[in-house]
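To start, the structure under review is shown below, and the notes come after it.
Readers should treat all values here as calculations from the given coordinates under stated rules, not as data from a laboratory. The structure presented is a predicted model; accordingly, all values stated were derived computationally and were not measured. So basically every Cβ, Gly included, is an ideal-geometry build from the backbone, and we count neighbours across all protein chains shown.
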Amino acid sequence: MMKNSKNKDKYFRIIQAATRIFARKGFYQAKVSEIAREAGVADGTIYLYFENKDDILISLFEEQMKDVLKNMRARVSRQKRPVQKLEQFALGHLQLIEQNKDMAEIIQVELRQSSKFMKSYKNEQFARYLDLIAEIIRDGQAQGVFHPHIVPDLAKRAIFGALDEMSRYWVLSSRRKYDIETAAQQISDYFLYGLVKKSDISTEET
């Protein structure tokens with residue numbers, strides 16, 4: 001969403017400064033002048049690249065999602081089996097919280113306070129991210145690993161919803177009883193194997 005393509009370095013300096021300011025003060029409390037000061041640019045320079053504070057927030061998210069999508073595709077592609085791909089997606093998603101705590105807080109808390117983002121923003125990068133889950137499911141169905149009756153477009157939202165809720169818990173909670181790896185494996189297992197033991201299922205059916 002950069003309005004001025006002549007100076008990408010300055011654009012990313014503003015993005016990085018906004019990440020720190022939003023994480024430290026919150027989206028509503030942050031001022032454009034504070035972002036400019038943090039980035040080492042004049043206040044008016046901000047508006048050469050962004051329309052307003054919401055635009056900075058959305059641009060920040062877009063840039064982050066480009067990297068996340070690229071890295072997740074690479075991570076998943078290294079796995080051969082659909083089950084392993086889904087497990088690696090879950091683990092990779094939750095590990096993002098540990099790798100970039102400021103960005104995690106912005107995405108989980110501040111981004112959802114932007115009316116522009118929630119109402120009118122068409123998030124293509126995020127849609128591709130969800131589609132990656134659907135691709136894994138379709139691949140598993142083609143290989144006969146996942147049930148054919150599963151609707152990939154519904155499953156991708158259910159799986160992401162579980163990961164997103166765990167991410168939000170990790171950002172907001174100061175007391176955590178388990179680590180990222182355990183959380184990722186548990187969520188993967190819920191969707192891959194369910195909650196009911198096989199012996200109990202067979203008993204109910206007889």
Point-charge dipole on Cβ atoms (K/R +1, D/E -1) for the chain, about Cα centre, debye to 20
540 debye
Approximate spin-label separation residue 31-residue 47, in nm, with each point projected 7 Å along Cα-to-Cβ
1.6 nm
Estimated distance in nm for a label pair at residue 12 and residue 123, the labels positioned 7 Å out from Cα along Cα-to-Cβ
2.3 nm
Under 15 Å by backbone N from the virtual spin label 7 Å along Cα-to-Cβ at residue 171, the residues of the range 29-66 are 29, 57-65
What percent do you get for the relative contact order of the chain when only Cα pairs under 8 Å and 6+ apart count?
22 percent
Additional length obtainable on full extension of the chain from residue 192 to residue 158, 0.36 nm per residue less Cα span
11.0 nm
Once you place label points 7 Å from the Cα toward the Cβ at residue 131 and residue 83, how far apart are they in nm?
2.9 nm
Name the most mobile residue of 68, 196, 83, meaning the one with the largest mean-square fluctuation, in a Gaussian network model of the chain with Cα contacts below 10 Å.
196
Is it possible to state the helix-based mean residue ellipticity at 222 nm for the chain, with each DSSP H run of 4+ residues giving -39500 (n - 2.57), the sum divided by total residues, to the nearest 500 deg cm²/dmol? What is it?
-23000 deg cm²/dmol
Arranged by the count of other C-beta atoms within 10 angstrom, fewest first, what order do 182, 19, 45 take?
182, 45, 19
How would 37, 175 line up from fewest to most surrounding beta-carbon atoms within 10 angstrom?
175, 37
Charges only on Cβ, +1 for Lys and Arg, -1 for Asp and Glu: so what's the dipole of the range 65-114 about the Cα centre, in debye to the nearest 20?
500 debye
